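One structure is given here, and the rest of the page talks about it.
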Amino acid sequence: MRKLILASLVICLAGYCWGQMNPQYDGYVTYSSDSSNNFYQTVVVEGTTYGSCNTTCCQGSPYPPYYTCWSCPIPGCAGATHTPSIENVVNGVGGWTTGPGSNPFSYMSYQTTTVVSIPPGGGASPLAEWEVTCSQIGVIGSGNGLTPSSHTYPNPPISPNCQVRTPFDAIINKTTGAIHAAQDIRNTTHDIQVGAPVYAPEGGTVHIQSGYPHINQPVTQCAGQGYHANYIEITDGSGNRTRLVHVTALPG
Amino acid sequence: MKRLLLLTSLLLAFEVGAFAQMLPPDISMPENMHAAASVPVIDGSLNPELIPDSTAYRLFFVSVAEGANPAPEEVARHKSHLARIQLKDNDGQSLADALRTFKQQYDDLIKNYNGTADVAILQGEAPDYSGFLRQRDALVQTTRNQLKLAISPVGMLKLDALFRARSER
């Protein structure tokens, strides 16, 4: 009886000695625009799966030593392939592309770029997703990037031309985790001067907010200081809010 | 005797549970070769502060760096990404040079590791993943150190600002 009890304990404990494979992949989205109104979105997926194609197999027996374990290959592992896929779409341009497949333990680094021309005053609606698929069991890693959203103005807010500098939800405050939740617009030649006029890009309810006066210092020193500059806010009928920030004179 | 019977009953009940998990087949194999649940997932859109700087810099370097023999479109994309940082000419050139060197060394590192992975999988062994990670992160750190020497303090502030304070309002 005591032998039976001992054998039972050994079987119970030894039944959980499996090997494992651990997928570890990173996805990343970055974007930019140039003076020719081109908008670039680059999506990267890279990483690998670590572990071994061998695991521990065990077999019980009614005779001594009652239980035996040995190293054995995981079925299908050695011939499996892991393949990256990326969906990179801006304003309907682009789509899913698939990178080269490789053995499960290879380190993959795959990226795609979508380029679109955004006319002055136009918006960007970016979409980014990635997947890594194992030929044996399907998707083993996935993620997405930006929240698709866009807003097109009937008139440009600055002259002569403006463009989307940062798409909606594209910037994240690393300290607070807050999402930017806005679409930034700038002039295409990046040389707007103090005193340049700005215009209402659409109709709506106007709110004027006074803030700190303009200070000549680098943007990196102004960002995230917790206070705002003078701005004019226009809310359209759908609740979209546009802020013309850093205006240097306000109407009386 | 009662105690022995009680203990035996408990162990037999546990044993039946254990056998139920093991049978069939008699030879036990893992049902799923991937342990996805054991891998921690960081969603950068929800918890960006949990992403290590080395990871953030690596992915930025990888996505922005030019490949070997870049096409004109690739060059335009590269310039556009760098222009976003608003570096002065010398700093911009230093960053472009550092990224080019990084890209070449990074590709070589991956190529070498994948060579060992091909051999390991044929032999039923695991490649030296932790060693690869050490080399990969060391390369990122070396590139950052080189940038600190090559780029002006103001330029480095702008580059760091891209990662540390992304809210531009």
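Across region A:45-59, rounded Karplus estimates of 3J(HN,Hα) from the backbone phi angles (6.51 cos²θ - 1.76 cosθ + 1.60, θ = phi - 60°) give 10, 8, x, 7, 10, 10, x, 8, 7, 9, 9, 9, 9, 10, 9 Hz, Gly and Pro being marked x. The string of couplings for region B:126-131 from the Karplus curve (6.51, -1.76, 1.60, θ = phi - 60°) is 9, x, 7, 5, 5, x Hz, one whole number per residue in order, with x for Gly and Pro.
You can think of it this way: the chain between B:L157 and B:N69 has 28.6 nm of extra reach, that is 0.36 nm per residue less the Cα-Cα gap. Label-to-label distance for B:D53 and A:T98 is 4.1 nm, based on points extended 7 Å past Cα in the beta-carbon direction. Per-residue SASA remark: B:E125, around 100 Å² accessible (1.4 Å probe; ligands, DNA and RNA not included).
The A:N22 and B:K111 beta-carbon pair, evaluated with R₀ = 35 Å, returns a calculated FRET efficiency of approximately 0.95. The shape of region B:64-147 can be summarised by an equivalent ellipsoid whose semi-axes, obtained from the alpha carbon gyration tensor, come to 32, 15, 8 Å from longest to shortest.
The values are calculated or read from the model by the stated rules, or taken from the named source; none is laboratory data. Note that the coordinates shown come from a computational prediction; the quantities given were computed from them, not determined experimentally. Reconstructed Cβ throughout: ideal geometry from the backbone, glycine too, with neighbour counts over all protein chains shown. Only protein heavy atoms, including side chains, enter the accessible area calculation; ligands, DNA and RNA are left aside. Shrake-Rupley method; radii C 1.70, N 1.55, O 1.52, S 1.80 Å.
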